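Comments concern the structure below.
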Amino acid sequence: MEEELFDSLHRYGKRHWWFRGRRRVVFSLLDRYHRRREGRVLDLGCGVGTNLDELARYGEVWGADPSTKALDFCRTFFPGRLDEVWLPQKVPYADASFDLITMLDVLEHVEDDVGALQRVLRLLKPGGTLLLTVPALRWLWSQHDVEHHHFRRYHRGELRRKLLRLGFDVRFISYAMFLLLPAMGGARLLLRPQTWSARHLEPGTRGLAKPLEWIFSSERHLMRLAPLPIGGSLVAVARRPEDLVLEPWREGQPLPAKHE
């Protein structure tokens with residue numbers, strides 16, 4: 001992500017309708033699939049720390065991010081452990097260290113996403129939970145993806161295959177931003193992908209912030225009925241199986257022979 005974007009995220013991240021809506025969806029799924037209220041939690045790719053405080057309801061929270069600027073923002077309010085991490089290689093944690101790992105719009109920033117997921121699987125304790133969100137649908141690619149240094153947008157089948165192939169037990173996977181997809185697609189069509197940018201976040205969208213947040217967050221209720229069929233984002237909950245045995249991680253260890 002371009003460094004100046006962290007200033008905007010720090011200023012508006014907790015108030016912006018998109019982040020507020022996503023938090024409601026994410027924590028609804030965590031309450032549904034990860035009911036532990038103790039243990040160790042890693043917010044991997046924590047950015048400016050928007051979710052660190054709320055994750056404390058699930059245990060002792062650690063934050064990790066490759067950006068030292070983002071971690072400096074976190075240190076202004078978060079007293080817990082913070083580490084510089086570059087997936088999949090530069091990870092200062094032992095295998096089986098965490099009961100819960102969240103990766104909220106992080107995986108798309110990693111060129112070797114399969115290697116990153118492989119490393120995350122090792123970091124989870126047996127029975128531990130991974131919750132991740134990623135941007136979806138390649139035809140929504142825009143300047144926003146370029147500015148945020150994305151390598152890809154995902155389709156549900158692709159993400160599911162990658163998780164299953166590495167040994168995750170996928171408990172739930174669904175598109176999100178289903179109800180707002182027509183607006184997303186229309187905005188990109190009208191403004192052209194190369195000009196669609198979110199460089200300047202603002203706390204409101206000309207009076208539309210509250211309705212947009214409500215529409216997005218209401219999808220958490222729909223997800224209780226069934227996964228959503230399409231949307232601008234994907235959300236997945238997966239676990240490390242209790243009986244999955246992995247060899248200890250070694251520096252330079254080869255990744256799976258065939259990447260998706």
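A search for C-beta distances below 9 Å between a residue of region 98-113 that is closer than 21 Å to residue 176 by Cα and any residue that is outside any loop (DSSP other than H, G, I, E, B) and modelled with pLDDT under 95, counting only pairs 6+ apart in sequence or on different chains, returns 108/145.
Every residue, every condition in (1) buried (at least 18 other Cβ atoms within 10 Å of the Cβ); (2) more than 15 Å from the chain's Cα centre (by Cα); (3) modelled with pLDDT of 95 or more, yes or no:
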residue: 3; (1), (2), (3): no, yes, no
residue: 13; (1), (2), (3): yes, no, no
residue: 18; (1), (2), (3): yes, no, no
residue: 31; (1), (2), (3): no, yes, yes
residue: 62; (1), (2), (3): yes, yes, yes
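The number of residues in region 73-98 that are within 22 Å of residue 244 (Cα to Cα), in contact with a strand residue (DSSP E or B) (Cβ under 7 Å, 6 or more places away or on another chain) and crowded, with 21+ Cβ neighbours inside 10 Å comes to 1.
The condition of being hydrophobic (A, V, I, L, M, F, W, C) and in a loop (DSSP other than H, G, I, E, B) holds for only one of 94, 70, that being 94. For the residues 39, 80, 45, the requirement of being free of Cβ contacts under 8 Å to residues at least 60 places away in the same chain and of a type in the set (Gly, Ala, Ser) singles out 80.
Looking at 75, 138, just one residue is of a type outside the set (A, V, I, L, M, F, W, C), more than 16 Å from the chain's Cα centre (by Cα) and closer than 18 Å to residue 160 by Cβ, and that residue is 138. Residue count for region 146-175 under the criterion of being more than 29 Å from residue 35 (Cβ to Cβ) and free of Cβ contacts under 8 Å to residues at least 12 places away in the same chain: the result is 1. Is it the case that some residue within region 140-156 is within 23 Å of residue 85 (Cβ to Cβ), surrounded by 19 or more Cβ atoms within 10 Å (Cβ to Cβ), hydrophobic (A, V, I, L, M, F, W, C) and at pLDDT 95 or above? No; the residues of region 140-156 include none that is within 23 Å of residue 85 (Cβ to Cβ), surrounded by 19 or more Cβ atoms within 10 Å (Cβ to Cβ), hydrophobic (A, V, I, L, M, F, W, C) and at pLDDT 95 or above. Residue 41 fulfils the conditions (1) of a type in the set (A, V, I, L, M); (2) under 23 Å from residue 173 (Cα atoms); (3) assigned to a helix (DSSP H, G or I) except for a single criterion, (3).
Among the residues of region 166-183, write down those that are within 26 Å of residue 31 (Cα to Cα) and either surrounded by fewer than 20 Cβ atoms within 10 Å (Cβ to Cβ) or among the aliphatic types (A, V, I, L, M) (or both). Across region 166-183, the qualifying residues are 166, 167, 169, 170, 171, 172, 173, 176, 177, 179, 180, 181.
The values are calculated or read from the model by the stated rules, or taken from the named source; none is laboratory data. Just so we're clear, the structure is a prediction, and the values are computed from it rather than from any experiment. Cβ atoms come from the backbone with ideal geometry, glycine included; neighbour counts cover every protein chain shown.
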